[in-house]
Amino acid sequence: MTEDHDAPATAPAMTSPEVTITLDPHVKAYVDRAVENGEFESVSAAFNEAMLERMRRRPRVRSW
């Protein structure tokens with residue numbers, strides 16, 4: 001079995017740890033609209049996607 005470190009496109013199926021974050025009001029409004037428009041399943045999904053994309057663009061920061 002080989003590991004494909006570039007494969008995760010979404011959060012893993014296992015239970016993810018909860019994290020509380022504080023957002024700037026304009027960021028929260030943007031994400032809320034994106035969720036309402038069906039672009040993301042949830043706020044968590046939006047941030048997971050954003051962070052996975054950042055991890056792909058900045059490989060030196062990868063921890064997986």
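The values are calculated or read from the model by the stated rules, or taken from the named source; none is laboratory data. Note that the structure is predicted; figures quoted are calculated from it, not measured. In this analysis, Cβ positions are derived from the backbone assuming ideal geometry, glycine residues included, and neighbour counts consider all displayed protein chains. With ligands, DNA and RNA removed, areas are computed over all heavy atoms of the protein, side chains included. Shrake-Rupley method; radii C 1.70, N 1.55, O 1.52, S 1.80 Å.
Annotations for the structure displayed:
- Of all residues making up the range 34-50, the number that are surrounded by fewer than 14 Cβ atoms within 10 Å (Cβ to Cβ) and closer than 17 Å to residue 18 by Cβ: 2
- Boolean, residue 31 is open to solvent by 100 Å² or more (accessible area, probe 1.4 Å), at pLDDT 80 or above and among the hydrophobic types (A, V, I, L, M, F, W, C): no
- Applying a threshold of 8 Å to beta carbon distances and a minimum spacing of six or more residues, or different chains, the list of pairs starting in the range 26-53 at a residue that is polar (S, T, N, Q) and ending at one that is outside any loop (DSSP other than H, G, I, E, B) reads 42/35.
- One residue stands out in the range 16-28 among those that are among the charged types (D, E, K, R) and within 15 Å of the chain's Cα centre (by Cα): the one that is modelled with the highest pLDDT, namely 28.
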